[in-house]
Amino acid sequence: MKHKKVKVFNVTGQDGNKVTDEAILDYIRKSLGPESCVTPPMRSVGVKQTMDDTVIELMGSDRPELLSEVSVVLTNLKCNIVNAEVWTHNTRAAAMMHANDEETGSAITDPQRLSLIKELLCNVLGGGNKKRRAKTVVADE
């Protein structure tokens, strides 16, 4: 009888402790799990303002240089990445990035700028493949 190897990993929060909140863990499982690969790969970019920064949520297919390209887009748009959490599994990737305005150090509030951030990050997640259009949604926390 062959035994299947099971890969187990723990997700840690900003404080370095293991995440135990089932709602968060379920969200990550759904984003990166096998059922997410059955349907055509979904890409999404969500942008939400908080008091101190702007939360950018990304989901899509993983590929080489993806994180680098996301960072270049945000840097070119004068966004300072304060914190980022990135998950990858098989062909899926998800990220939650906290960014602020490079000049003011505050949350990005200009609707046109937020729209541009979403548009350009959707393009990056689309990987230049016009057959696979990126889907944009606003992240809700």
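The values are calculated or read from the model by the stated rules, or taken from the named source; none is laboratory data. Values in this document were obtained by computation on a predicted structure and should not be read as measured data. Cβ: placed from backbone, ideal geometry, glycine included. Neighbour counts: every protein chain shown. Ligands, DNA and RNA are stripped out before the accessible areas are found, and what is left, the full protein with its side chains, is counted by its heavy atoms. Shrake-Rupley method; radii C 1.70, N 1.55, O 1.52, S 1.80 Å.
Remarks
- Within the span defined as segment 94-110, one or more residues are closer than 19 Å to residue 12 by Cβ, open to solvent by less than 20 Å² (accessible area, probe 1.4 Å) and free of Cβ contacts under 8 Å to residues at least 40 places away in the same chain.
- Residue check, residue 113 at pLDDT 90 or above, more than 23 Å from residue 13 (Cα to Cα) and not β-branched (Val, Ile, Thr): yes
- Number of the exception - residue 33 against (1) at pLDDT below 80; (2) over 24 Å from residue 16 (Cα atoms): (2)
- Output for segment 36-61, where each listed residue is at pLDDT 90 or above and of a type in the set (D, E, K, R): 57
- Hey, residue 125 in a helix (DSSP H, G or I) and at pLDDT below 90 or not: yes
- Test: residue in segment 2-10 that is under 25 Å from residue 111 (Cβ atoms), in a loop (DSSP other than H, G, I, E, B) and either of a type in the set (Ser, Thr, Tyr) or modelled with pLDDT of 60 or more (or both): no
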